[in-house]
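Trainee: This is the structure I want to talk about, given as structure tokens.
The values are calculated or read from the model by the stated rules, or taken from the named source; none is laboratory data. Source: prediction; values computed, not measured. Don't worry about glycine lacking a Cβ; one is built from the backbone with ideal geometry, like all the others, and counts go over all protein chains shown. To get the accessible areas, we keep the full protein, side chains included, count just its heavy atoms, and leave off ligands, DNA and RNA. Shrake-Rupley method; radii C 1.70, N 1.55, O 1.52, S 1.80 Å.
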Amino acid sequence: GALLVSERIDREELCGALSPCSLSFEIVVENPLELYSGAVEIQDINDNDPVFPSSQARLEISESVAAGARFPLESAQDPDVGINSLQTYQLSANPHFALDVQTRVDGSKYAELVLEKELDREEQRELHLVLTALDGGSPPRSAHLQIHIDVVDANDNTPVFNQSTYKASVRENTPSGTLVTKISAYDLDDGPNGDIIYSFSSHTPAKVRELFALDSATGELRVKGQLDYEETKLYEIYLQAKDKGVVPGVAHCKVLVEVVDVNDHAPEVTVTSVYSPVPEDAAPGTVVALLSVTDLDSHDNGLILVQVSDVNDNAPKSSQDSYDVYVLENNMPGIPILNVSATDPDLGRNAHLSYTLFQSDPTVGHLFSINRENGTIYLLTSLDHEDQVEFSMMVQVQDGGTPPLATNVSVSVFVTDLNDNPPTVLYPHPNTTATYTDVVAPGTPAGHMVTKVVAVDADAGYNAWISYTLLQATDPSLFSVGLHSGEIFTARQLREDDAPQHTLIILLKDHGEPVLSTSATVSISVAEMVKEVLTDLTDVAPANDPRKHVTFYLILAVILVSAAFFITMLSVGIFKCYKWRQSKELYNSSRSTLYRTPGPFHHIDAVRGGFTPPNFYHQVYLTTDSRQSDLLCKKPFTSSPLGSRQSTMRNGEPGLYHQIVGTASRPPAPDE
């Protein structure tokens, strides 16, 4: 497909003074068959010098000529075009004449001598000047004309035209000899000094002399050659009137001839390719021939007009079939979040598009709106990631045709999380007047898990990762807390001289930006028997507590919790045996069932975890090795921020796994 130069290109030979210079061509592409028209523009370079018609010019100027008289000089010709063509003239220094450079309508330049100081034949009989023509190249090219001026005595009066500019129009098909216009000049002198001869000015181009003829006696300008509108639309012709005196007086005028276009070119139909014969079973739309039509005339004479009315046969087309938009929660209401762009190649009403928003959930219809004209979707209210993570809707793009055509585009809006929720402590419950004391026996070795701080964060991802640190303790050397599990262990073996009561303040921080935190207070009693614990609990109870039977209820609670623990463990064992053959399948599907609705609460960890609130739910999942099972702890099912997030957690957001805490002795694996 490369277009190559097969021989040296000469722009002046191809196009002459015509600019721009372009060569047209047509290219046929097969399979599929297509016809392309193209043009190559030939750019000019400054490869030609300006040229005067002759190297010398002789002028006869009477000494009686007044200052201000003008004398046209021969024009130089430069076949280059544009900036490379003739641009200006320069005159050698002299005391009598100045140079005035004029510009024609077509942009070409010509020079005139202007007499600034009157001549005196007795003082100087002749003058020698040099006229230099320069083009606009870099460096410029030039040509020189030697001007010899003879100063003689002549007429006192020069011919005068009745108007300085004549205008005429002629059709391009006008036959030779047709009168274009008639110029007229008069001279007040008598005899030969008053006889006028009309002629072309010396700087009239040769092309003009070939196309027009001037009667020297009558001043009639007639068509001589064949005019062509497609070649030149306007001719600027310079004429002069000279008397017959010894020193003839000269007057100059300009004739503007406009060439009027006629419809002299028939459209040319070119059959580029013909397929013949055509099979009788050829399908509609089969290409039989490839035609191209051209007309060299201009304006209306050169148009072949075929108007095709539009039919609404194109449905709107969107740049995308679906859009996923991510919006930060707590956004400003009224912000634009998406521009649904679509196009329709039809015209007029058939291409006028309107946008309508359809939402699958009518309860969120007040959250989004769309501009019917440009498809911009606006968010009307502030969103909360903890309330709903994803919104799905459909945008219908419909044109204005009859019947209308439409295209549907699906839009999904995902609410991204901000760290706007601090960790929430579930155990020990922070908002209760009851005192939960965990018990550890004297002499307990190091590494023994005493209890566990249970907390959740309503945020997602890194914003929900909770870390636990020991902020304050009665004896900082006695207990330590798991950084990610919240499990409280003995840091060393308990001694008899250790304090019987310990209060630990645990700092819980998430990993959001900025970091949000909360604290939990854990009470631990060092005692051999439950009785001692109960005694201690009685001691720490407020003196003005009206409940008289707290000791009884505490003992009953410990017994019930212990019984529930053993019953639960027994039930789990029976269930494990019953489901033994389905253990592998249960293990594989554990990921999808991890976030089911919490079931009834079982006091599994009551002995180690203290007195758990009755509205706190646990859910236990066991693998084939029950010793490594994890205990899933959740907030209450009703009015639970975690409950509204379960659909999100099913989608597998990794950050949510750090909200799941339990009694396992190992940290959760990365994929859990």
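Trainee: Cβ-Cβ under 6 Å, sequence separation 6+ or interchain: first residue in region 10-29 and within 30 Å of VAL287 (Cβ to Cβ), partner open to solvent by 60 Å² or more (accessible area, probe 1.4 Å). Which pairs?
Mentor: SER22/ALA39; SER22/GLU41; SER24/ALA39; GLU26/SER37; ILE27/TYR36
Trainee: With (1) within 30 Å of GLY461 (Cα to Cα); (2) of a type outside the set (Lys, Arg); (3) at pLDDT 90 or above; (4) part of a loop (DSSP other than H, G, I, E, B) as the list, and GLU513 as the residue in question, which single condition is left unmet?
Mentor: So the condition that GLU513 fails would be (3).
Trainee: Tell me, yes or no, whether region 328-338 has at least one residue that is of a type in the set (Val, Ile, Thr) and loosely packed, with under 13 Cβ neighbours inside 10 Å.
Mentor: Yes, there is a match, as at least one residue in region 328-338 is of a type in the set (Val, Ile, Thr) and loosely packed, with under 13 Cβ neighbours inside 10 Å.
Trainee: Could you say whether any residue in region 221-231 is without any contact (Cβ under 8 Å) to a residue 40 or more places away in the chain and open to solvent by 30 Å² or more (accessible area, probe 1.4 Å)?
Mentor: no
Trainee: Where in region 165-221 are the strands (runs of 3 or more DSSP E), entirely inside, with at least 1 residues that are modelled with pLDDT of 90 or more and among the basic types (Lys, Arg)? First the steps, then the outcome.
Mentor: Values: elements: 165-171, 179-182, 196-200, 212-214.
Here the list reads 165-171, 179-182.
Trainee: Turning to a different aspect of this structure: What are the residues in region 464-487 that are within 16 Å of VAL425 (Cα to Cα) and either in contact with a helix residue (DSSP H, G or I) (Cβ under 7 Å, 6 or more places away or on another chain) or among the small types (Gly, Ala, Ser) (or both), if any? So that I can check it myself, show each step before the final result.
Mentor: First pass over region 464-487, keeping only residues within 16 Å of VAL425 (Cα to Cα): 464-471, 481-487.
Once the filter is applied, which keeps residues that are within 16 Å of VAL425 (Cα to Cα) and either in contact with a helix residue (DSSP H, G or I) (Cβ under 7 Å, 6 or more places away or on another chain) or among the small types (Gly, Ala, Ser) (or both), region 464-487 yields ALA464, TRP465, ILE466, SER467, GLY482, SER485, GLY486.
Trainee: Same structure again: Going by the conditions given, is VAL409 in the same structural domain as GLN493 (by the TED database) and among the β-branched types (Val, Ile, Thr)?
Mentor: Working: in the same structural domain as GLN493 (by the TED database): no; among the β-branched types (Val, Ile, Thr): yes.
Against the criterion (in the same structural domain as GLN493 (by the TED database) and among the β-branched types (Val, Ile, Thr)), VAL409 does not qualify.
Trainee: State the number of residues belonging to region 257-275 that are modelled with pLDDT under 80 and either farther than 30 Å from ARG171 by Cβ or of a type in the set (D, E, K, R) (or both).
Mentor: The qualifying residues number 5.
Trainee: May I ask you to list pairs of residues, at least six apart or on different chains, whose Cβ atoms are under 6 Å apart, with the first in region 37-61 being β-branched (Val, Ile, Thr) and the second being open to solvent by 80 Å² or more (accessible area, probe 1.4 Å) and modelled with pLDDT under 90?
Mentor: From residues that are β-branched (Val, Ile, Thr), the pairs are VAL51/GLN77.
Trainee: Can you report the number of residues in region 407-422 which are under 13 Å from PRO316 (Cα atoms) and open to solvent by 30 Å² or more (accessible area, probe 1.4 Å)?
Mentor: 2
Trainee: In region 382-406, which residues are in a loop (DSSP other than H, G, I, E, B), open to solvent by 40 Å² or more (accessible area, probe 1.4 Å) and either in contact with a strand residue (DSSP E or B) (Cβ under 9 Å, 6 or more places away or on another chain) or outside the structural domain of THR343 (by the TED database) (or both)?
Mentor: Result: ASP384, ASP387, GLN388, PRO404, LEU405.
Trainee: Going by the conditions given, is HIS366 more than 30 Å from SER562 (Cα to Cα), in a loop (DSSP other than H, G, I, E, B) and open to solvent by 20 Å² or more (accessible area, probe 1.4 Å)?
Mentor: Yes; evaluated as a whole, the condition is true for this residue.
Trainee: Taking THR444 as the residue in question, decide whether it is in the same structural domain as THR503 (by the TED database) and either modelled with pLDDT under 90 or assigned to a loop (DSSP other than H, G, I, E, B) (or both). Walk me through how you get there before you give the answer.
Mentor: Working: in the same structural domain as THR503 (by the TED database): yes; either modelled with pLDDT under 90 or assigned to a loop (DSSP other than H, G, I, E, B) (or both): yes.
Answer is yes for this residue.
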